[in-house]
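Enquirer: Before anything else, here's the structure in question.
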Amino acid sequence: MLSAKNITIQFGDRYLFRDVSFTIGPHDRIGLVGPNGAGKSTLLRIVADISEPDTGSINKAHYVTVGYLPQEGITSSGRTLYQEAESAFEDVIQVREEMDEAHRRLEELDPSTADYMDALEVFGELQHKLEDLDAFRMKSKIEQVLIGLGFSEYDFERQTDEFSGGWQMRIEMAKLLLREPSVLLLDEPTNHLDIESLQWLEGKLTDYNGAVLLVSHDRAFLDNLTKRTWAFSLGRLAEYSGNYSFYEKEKAVRREQQVNAYKNQQQQIKQTEQFIERFRYKATKARQVQSRIKQLEKIDHIEIEDEEEEIHFHFPQARASGSIVTELKGVHKSYGSKLVFGGLDYTIERGDRIAVVGVNGAGKSTFVRILAGAEPVDSGEIKTGYNVTPSYFAQHQAEELDLSSDVLGIVDSVATGEIRSKLRTILGAFLFRGDDVFKKVSVLSGGEKSRLALAKMLLQPANFLIMDEPTNHLDMRSKRVLQDALKGYEGTFVIVSHDRAFLDPLVNKVAEFSHGKVRTFPGNVSDYLYRKRQEAEKERIWDKENGRNGERGIERSNAELPTKERRRVEAEKRNELSKKLRPLKEELTILEKEISWMESRRKEIERVMADPDFYKNGEEAKNATIEYKSLEGKLENKYFRWGELTEEIERMKT
């Protein structure tokens, strides 16, 4: 459907990427990954025909359309939200205008004339055209997408220039989803979404009738959505037949193979150089020496990507707090006529690790600002516990950095003890590498300032961390460093975030904010989402049984049935699930045995290939190499099928 051939981008003597070729199929779901600065956004812009490569070409069929969502920089104005979304249906709007014109002509013409009959025929054809364009479902499509992305019906008539940058990106995403291009290019689409909108988008893209190529640092989003992964490495694009988790495992396997191949090649080069040096001045060996020299010149040297240094960051030790960290009693908070909290009660205890979730505008950021003492309340009581030392991170704190200082100076001003010797390493984890640490704060981008403010906060001793979207400008590696540090943190923390993969190993409670109230769920975010799905299903069943909507549907469960009936229903469900799972589990068992045998055989061949004498027997080396490559291809397919099976089994269990 769309293909790229030998795409190259070069800056002076440095190649961003070189001779990149790929193909996008009609229903592909592809994750584009790689370190910051590898060229991911540049490649999307090239595919979208916004930027041109230095060499190479993008080829697509004439019927293929491409839609592109950049990370930032989109604004719209001059129309209401609904009108802006409606502009995605340009063809429908044009036909409607033509129908209005045809209708005016019919009113002006004499029904007995031939011109009237011609105009009537045109009007009928336009009606059929509208039906073909599914125009009569346009209103419901617009409403579904806008509400799915978190807008309310009240927002529909608001002017688009009233919306902030994050909401502007949602508007652009809504238009793209309504246009339904053949290829959808999304650059960090989850950055400005809350967890509910993110879940909706994930489902929408899963069912999308086209191809999706996306850049994202949300691991769960990539794992749930993508079936292929493209990874930038050493200026080239490597393809993996699976999602991000599959890519991580397979990348480690490929690196091991690459290292073995590199060692073998270096051994060959060394032996060849020794032969040349030994017989360089012997006339009887001159021809052979020249042959070996030419061999060396033709060798395509294997490059090994530098392994990222493992960074282990530990929070500075702080004294333990009392058992109650913070207590809110009867808190009221409004912004003008908008009531956020009308009598909020909430207690945070020592050891709580809380994820704060809810739709945008539900009061999440207001809640954490109140906790941090950065937001006054209208009334109510806020009690801070004994010996509590809070530390607060929010996006706006980047604006409070000393513009005259440099990056290293900012963190050095707050660091104490042994950690000062590791400041450059820690800054590297937050994407400040090399001479970047000497940059003045005044020249940093918004994302860089945000990362620096986060690093500064984490270096200060505190026993109560309050964080509002700390992962927004972090790549996968930086998030892993922060996540590992939080795993070892001994204090209490509250985090506003929609990144499920980041939160799941960390939190033990989820606080859901909705309509000025808060509900607390034990467990992590996946547990919370499971409970929400259960509640939604119970509500659906209640509505179906009673033929109406009712809040009691949320509370209805099998527990309300008579004991005997409940046991029968549960047994039937277990039996039905067991029947469906049996063939999948049997296939999975066979598959795991095959993978185990293939991996053992591959390691056996690698041990043979690592022997310096391996290439002396040409035929044996050739056969082993052929078998090795065959095993690689088969294993890749087996790994992909294993991923599909485990996902399907997990989905059915859920």
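No value in this document is a laboratory result; all are computed from the given coordinates. Quick caveat, the model's predicted, so the values are computed rather than measured. Here the Cβ positions follow ideal geometry from the backbone for every residue, glycine too, while neighbour counts run over all protein chains shown.
Enquirer: Where both partners of a DSSP beta bridge lie in the chain, what percent of those bridges are antiparallel, to the nearest 5? The partial results should precede the final answer.
Expert: Details: 39 of 72 bridges.
Once the DSSP bridges in the chain are tallied, antiparallel ones form about 55 percent.
Enquirer: Can you tell me the length gained on complete extension of the stretch T55 to Y154, counting 0.36 nm per residue apart and subtracting the Cα distance? Intermediate results must be reported in sequence, preceding the final value.
Expert: Values: separation 99, 0.36 × 99 = 35.64 nm, distance 4.91 nm.
Gain on stretching T55 to Y154: 30.7 nm.
Enquirer: Here is a follow-up. Going by how many other Cβ atoms sit within 10 Å of their own, how do M169, M99 line up, fewest first? Write down the numbers at each step before the final one.
Expert: Details: M169 24, M99 17.
Least crowded to most crowded, the residues run M99, M169.
Enquirer: Can I ask one more? Suppose a student asked you for the relative contact order of the stretch 563-653, using Cα pairs under 8 Å spaced at least 6 residues apart; what percent would you report? Kindly include the intermediate steps, with their values, before the conclusion.
Expert: Details: 28 pairs, mean separation 41.6, N = 91.
The value is 46 percent.
Enquirer: Here is a follow-up. Using the Cβ atoms and a cut-off under 9 Å, what net charge is assigned to the surroundings of F513, where Lys and Arg are +1 and Asp and Glu are -1? Walk me through the numbers before you get to the answer.
Expert: Details: positive: K364, K517, R519; negative: E512.
Computed value for this residue: +2.
Enquirer: Which net charge results for the neighbourhood of R179, defined as the other residues with beta-carbon distances under 12 angstrom from its beta-carbon, given Lys and Arg at +1 and Asp and Glu at -1? The partial results should precede the final answer.
Expert: On the way: positive: K141, K175; negative: E86, E90, D91, E172, E180.
Net local charge, R179 excluded: -3.
Enquirer: Shifting gears a bit: Among (1) 85, 66, 40; (2) 101, 89, 69; (3) 85, 78, 50, which one is Cα extents along the principal axes in Å computed from these coordinates?
Expert: Only one listed value fits the structure, namely (2).
Enquirer: Quick one: how many lysine pairs does the stretch 249-298 have with C-alpha atoms less than 19 Å apart and a gap of 8 or more or different chains? Give me the count, please. Each step should come with its number before you reach the end.
Expert: Values: K251/K263; K263/K298; K270/K285; K270/K294; K270/K298; K282/K294; K285/K294.
Close lysine pairs under the 19 Å cut-off: 7.
Enquirer: R0 = 30 Å: FRET efficiency of R582 with I541, Cβ-based, nearest 0.05? Provide the component values of the computation, followed by the final result.
Expert: Working: r = 27 Å, r/R0 = 0.89.
Computed FRET efficiency for R582 and I541: 0.65.
Enquirer: Mind jotting down the distance between the C-alpha centroids of the stretch 231-309 and the stretch 1-75, whole Å?
Expert: 29 Å
Enquirer: Near A362, within a Cβ-to-Cβ distance under 10 Å, what is the net charge of the other residues, with Lys and Arg +1 and Asp and Glu -1?
Expert: Net local charge, A362 excluded: -1.
Enquirer: Could you calculate the contour length gain from D611 to S514, that is, 0.36 nm times the residue separation minus the distance between their Cα atoms, to one decimal place in nm?
Expert: Values: separation 97, 0.36 × 97 = 34.92 nm, distance 6.44 nm.
Full extension from D611 to S514 adds 28.5 nm.
Enquirer: When a footprinting reagent is the concern and you count Cβ atoms within 10 Å, what order do K456, K249, K487, K509 take, fewest first?
Expert: Details: K456 23, K249 13, K487 10, K509 19.
Ordered by Cβ neighbours within 10 Å, fewest first: K487, K249, K509, K456.
Enquirer: Could I ask something else about it? Please compute the Cα-Cα pair-distance distribution of the stretch 249-298 with 5 Å bins starting at 0, giving whole percents from short to long.
Expert: Whole-percent P(r) values from 0 Å outward: 4, 20, 20, 16, 11, 9, 8, 5, 4, 2, 0.
Enquirer: On to the next question. How high is the FRET efficiency between Q266 and Q460 when r is their beta carbon distance and R₀ equals 35 Å, given to the nearest 0.05?
Expert: On the way: r = 47 Å, r/R0 = 1.35.
For R0 = 35 Å, the calculated efficiency reads 0.15.
Enquirer: Could you sort out which of K204/K227; K333/K532; K383/K487; K422/K487 sit more than 22 Å apart by Cα distance in this structure?
Expert: Numbers: K204/K227 16 Å; K333/K532 27 Å; K383/K487 27 Å; K422/K487 20 Å.
K333/K532; K383/K487, as the Cα separations exceed 22 Å there.
Enquirer: Which FRET efficiency value, to the nearest 0.05, is calculated for S442 and Q317 with the Förster distance at 35 angstrom and r the Cβ-Cβ distance? Could the numbers behind the result be given before it?
Expert: Working: r = 33 Å, r/R0 = 0.95.
According to the calculation, E is roughly 0.55.
Enquirer: Please compute the contact order of the chain in relative form: average sequence separation of alpha-carbon pairs under 8 Å and at least six residues apart, divided by the residue count, as a percent.
Expert: Numbers: 967 pairs, mean separation 80.2, N = 654.
Relative CO of the chain lands at 12 percent.
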